[in-house]
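Q: Dumping the structure here so I can ask a few things about it.
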Amino acid sequence: MEHTNEPYFQTFLRDEFSRRKGKHPGYSLRQFARSLQIDATALSRILNGKEVMSIRTTSTVLRNMELDRQEKEKVISSVLDCLKRRWFNDTTL
């Protein structure tokens with residue numbers, strides 16, 4: 001599912017959460033965060049566009065998902081693009 005104007009990593013995580021929730025309707029954001037081994041509040045902030053994943057969080061998430069190299073590279077590239085914009089004071093995601 002495409003979500004215009006949001007970073008790829010955000011769309012990717014939202015779509016993965018929706019996919020898992022579709023298989024298990026009671027699946028919660030807290031369970032998703034636990035499966036990724038990250039804080040549920042941080043995941044909520046990432047999904048809502050209030051926070052960019054750090055490099056450490058990105059690494060943790062990618063280690064806990066079964067993705068091919070190409071998909072991992074897309075997520076990493078998206079995170080790095082957002083971090084660069086933040087570092088150069090462009091706060092739009």
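Q: Scan the stretch 45-93 for residues that are closer than 14 Å to Y8 by Cβ, assigned to a helix (DSSP H, G or I) and either in contact with a Leu (Cβ under 8 Å, 6 or more places away or on another chain) or among the aromatic types (F, W, Y) (or both) and jot them down.
A: Selection gives I46, L47, V61, K72, V75, I76, C82, R85.
Q: Between a residue in the stretch 34-48 that is surrounded by fewer than 18 Cβ atoms within 10 Å (Cβ to Cβ) and any residue that is assigned to a loop (DSSP other than H, G, I, E, B) and of a type in the set (S, T, N, Q), which pairs come within a Cβ distance under 6 Å, given they are 6 or more apart or on different chains?
A: Between residues of the stretch 34-48 that are surrounded by fewer than 18 Cβ atoms within 10 Å (Cβ to Cβ) and residues that are assigned to a loop (DSSP other than H, G, I, E, B) and of a type in the set (S, T, N, Q), the close pairs are Q37/N64.
Q: Something else about it: Tally the residues that are over 21 Å from E73 (Cβ atoms) and either hydroxyl-bearing (S, T, Y) or surrounded by 15 or more Cβ atoms within 10 Å (Cβ to Cβ) (or both), restricting the search to the stretch 1-16.
A: Total meeting the criteria: 1.
Q: Of these, L29, L62, which one is modelled with pLDDT of 95 or more and under 15 Å from V79 (Cα atoms)?
A: Exactly one residue qualifies, and that residue is L62.
Q: Report, by residue number, each residue of the stretch 17-33 that is open to solvent by 40 Å² or more (accessible area, probe 1.4 Å) and of a type outside the set (S, T, N, Q).
A: Listed by number, the residues that qualify are R19, R20, K21, G22, K23, H24, P25, G26, L29, R30.
Q: Oh, and also: For a quick check of your reading of the model, give me the residue pairs whose first member lies in the stretch 50-63 and is without any contact (Cβ under 8 Å) to a residue 40 or more places away in the chain, whose second is surrounded by 13 or more Cβ atoms within 10 Å (Cβ to Cβ), with beta-carbon atoms closer than 6 Å and at least 6 apart or on different chains.
A: The qualifying pairs are E51/R45; T57/I38; T60/I38; L62/K72.
The values are calculated or read from the model by the stated rules, or taken from the named source; none is laboratory data. Model, not experiment: these values are computed from the prediction. As a convention, Cβ positions derive from the backbone with ideal geometry for all residues, glycine included, and neighbour counts pool all protein chains shown. Calculation scope for accessible area: heavy atoms of the full protein, side chains included, ligands and nucleic acids excluded. Shrake-Rupley method; radii C 1.70, N 1.55, O 1.52, S 1.80 Å.
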